[in-house]
1. Rounded, prolate or oblate: which one fits the stretch 141-232, using the alpha carbon gyration tensor with axes a ≥ b ≥ c (rounded when a/c is under 1.5, else prolate when a/b beats b/c, else oblate)?
2. Only Cα pairs within less than 10 Å get springs; with that Gaussian network setup on the chain, which residue of F51, F62, F30 has the largest fluctuation?
3. Residues of the stretch 96-130 with backbone nitrogen within less than 19 Å of a virtual label 7 Å along the Cα-to-Cβ line of D38, please, listed as ranges.
4. Using the Cα centre as the reference, give the magnitude of the dipole from point charges on the C-beta atoms of the stretch 160-242 (Lys, Arg: +1; Asp, Glu: -1; all else neutral), rounded to the nearest 20 debye.
5. Across the chain, where is the longest run that never hits GluC sites (Glu not before Pro) in a DSSP loop with at most 11 other C-beta atoms within 10 Å?
6. Between Y32, Y228, Y52, where does the largest GNM mean-square fluctuation fall for the chain, given springs only between Cα atoms within less than 10 Å?
7. Is the shape of the stretch 1-97 rounded, prolate or oblate, going by the alpha carbon gyration tensor and its root eigenvalues a ≥ b ≥ c, with a/c under 1.5 for rounded and a/b larger than b/c for prolate?
8. Considering the options G56, Q173, N14, tell which one lies farthest towards the positive end of the dipole of the chain, charges being +1 on Lys and Arg and -1 on Asp and Glu at the Cβ, about the Cα centre.
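The values are calculated or read from the model by the stated rules, or taken from the named source; none is laboratory data. What you see is a predicted model; the values in this text were computed from it and never measured. Cβ placement follows ideal geometry from the backbone for every residue including glycine, while neighbour counts extend to all protein chains displayed. Each accessible area value is taken on the protein alone, full model and side chains, heavy atoms only, with ligands, DNA and RNA left out. Shrake-Rupley method; radii C 1.70, N 1.55, O 1.52, S 1.80 Å.
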Amino acid sequence: MCPHLSSEVTAVINETLKAVDSKSAVGRIFFYLVKAVDCLNHNILLSKLQFYGVNGKAKSWFESYVNNTCMRVQISDEELNQTSFSAWEKITDGVPQGSVLGPFVFLIYVSDLPKTVNDKTVPKFFADDTSVIVKSPNSKDFQTNMVAAFNCVNKWFKVNLLPINVDRTHYIQFKAKNKPTLDINIVCNDNLITTLPNIKFLGIYVYDSINWSCHIEYIIPKLSSACYIIRSIKPFMSLITLKTLLFLS
């Protein structure tokens, strides 16, 4: 795991543990965006850049990066040896897939989202992973704040033309072991947002009781496979190469 991911996961776990230790109710809502980087509206992005003071040549560079790009669809029939093309259409949303600039542009796009939630809610962003942490001193306020946090963030997504996948958007309620889970009714487009006992966050499986059993079960097969590979090629590889392969696996 890279240092940035590791520090982000550590910060979230520490913040959660402090809340649980202080007897506060704490949970996290994980929003799954539908092709987030592909849905960034160019006009909204450029207006936000201008609001943040990006003008002159820098603004012109961003405009050239996202504007005046077109696409069309090609359909080929090998049996008839024919090729058909659709009409050219202007691209009004998204940035190039796999680009270094894509995650950075996304963070600019969502940088005003924290202003839409109250002080009981802490939004977290990493690339296109968006989630909010909700903490409350008692269970009643926690239920209210969880629903309010979801509605505020979901409204922001709609205004900024970022659709969420309701079926893959979940929340997790962190709690001490053997403590019952609160019944929280979060609804989006007539669909109930479900809670999960564990969830994968930046490559780490986090359990609602904040133990690592689920993640240990996940990595044991990977470690076993890596150890087998290392043992098999050890006589033929240098130590540096072995360490590199172990890291990559």
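1. Oblate.
2. Largest GNM mean-square fluctuation: F51.
3. Answer for this model: 96-107, 127-130.
4. For this selection, approximately 480 debye.
5. With a cap of 11 other Cβ atoms within 10 Å, the longest stretch comes to 80-249.
6. It is Y228.
7. Note, shape of the stretch 1-97 comes out oblate.
8. N14
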